[in-house]
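Written below as structure tokens is the structure these notes are about.
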Amino acid sequence: MLTKADDFPIHQTPEPIAFAGTDRNFYDRYFFNGYTRDGEVFFAAALGVYPHLNIMDASFCVVHDGVQHNIHASRCLHMERLDTHVGPIAIEVVEPLKSLRVKVSENEHGISADLTFHRRAIALKEPRFTYRNGPRTVMDVTRLTQNGTWEGWVEIGGTRIEVSRDAFVGTRDRSWGVRPIGAADPQGLLPAAAPQFYWLWAPLNFDDRITLYHLNDDAHGDAWNTNAVMCGLADGQDEAQPEEMAKCRSEIEFVSGSRHARAARLFFTRRGGGDIRIDLTPKWQFYMLGLGYGHPEWGHGQNKGELAVGFERFKLSDIKSYAPPHLHIQAFVTAEMTLPDGETRSGAGILEQLVVGPHAPSGFKDILDPAK
């Protein structure tokens, strides 16, 4: 089957673009977040394409006055990947690697938006994520991440929030490859093993630079994928290049009785020498189920038919559990950076956390035992 994408020079296999050329868990995904520097307003969006399931889904979320509003949508892809809209939610690439637009048209749930992302720094390619469980590839993913500013507006229940580039910053990413999507495999893997996944992701915005840190640890606390980058801002045609760190690590203090961070510290060692420390203070938590991550009804790639749209809202203060579906979070954080010469920078960002199973450095021994 030929589709619109076949007129663009983007093929990776001899097949038409409608056929991904890999296993049924192939996906292609957009993610965005945006926030005021004080964290008073936060929004997030995602759109995923699952070629072998013939499904596209999307979500848009707003956190305002302590309430998280989530709108979800899913539709049949009809094998046409360039039509990046699902129900009221649409993504438009305005200028590749520089500017993208997120729109939520008026709908019965009273949440709408028209937002444009503009880069602050160049897009950064993270190291390829390849994660196996015995003979099975669980993840094989490439991702680009980019920090930027936002302009436009969001409307919630008749209240309009103006979004300006001087007040709103954030992060977007694009990831594609293989990861678990849709219905679970009915046949488990032998020998059975308890789930284990330790994930931190911290894109941060400072006035004169951005930083990006991530970590995947195994149960012993050994990193199987980690990286840290610092990058100056992109000014017109002047594109500051990223500085890859020689070493990086993190320290997390967990809230007692949970698996969510009370405080965090990032440590970077520059390749030319000199250490950087970034202290993170979580202020509140955005629940990733709003974007479909671990959602019991709106999980990624679920078959909802030709078109389905759903909505939910909840007070952040009402969420007392750290167990799924509330385990996977992005905590809005303030950040204090100390450079090798003692100079400091203040910033803000998010600390994404998903901690499942044992992790020796944290004292976790079971699937969801809490911090002491």
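Please treat every number below as a calculation from the coordinates, not as lab data. These numbers were taken from a predicted model, which means no experiment stands behind them. All Cβ positions, glycine included, derive from the backbone under ideal geometry; neighbour counts span all protein chains shown.
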Highest-fluctuation residue, I156, I210, I55 considered, GNM on the chain with Cα pairs under 10 Å: I156
Ordering of 338-345, 28-35 by burial proxy (mean other Cβ atoms within 10 Å per residue, highest first): 28-35, 338-345
Candidate aspartates and glutamates for bridging to K320, where Cα separation is under 17 Å - those fewer than 8 sequence places away on the same chain excluded: D369
nm² value of the averaged projected area, convex hull over the Cα atoms of region 68-196: 11.0 nm²
From phi via Karplus (6.51, -1.76, 1.60), per-residue ³J(HN,Hα) for region 49-65 in Hz, x at Gly/Pro: 10, 10, x, 7, 9, 6, 10, 10, 9, 7, 8, 9, 10, 9, 10, 8, 6
FRET E, pair K247, T142, Förster distance 25 Å, beta-carbon r, rounded to 0.05: 0.60
Distance violations [Cα-Cα > 20 Å] among K125/K247; K98/K125; K283/K315; K4/K98: K4/K98
5 angstrom amide H check on F168, placed H, neighbours 5+ away: W150
Efficiency of FRET from Cβ geometry, N107 and T22, R₀ 25 Å, rounded to 0.05: 0.15
At R0 = 35 Å, FRET efficiency that the Cβ-Cβ distance of L190 and A223 yields, to 0.05: 0.80
Charge context of G310, other residues only, Cβ under 14 angstrom, K/R +1, D/E -1: -1
Fully extended contour minus Cα-Cα distance, from D6 to E312, at 0.36 nm per residue: 106.4 nm
Inter-label distance, nm, simple model (7 Å from Cα along the C-beta direction), T130/M79: 3.1 nm
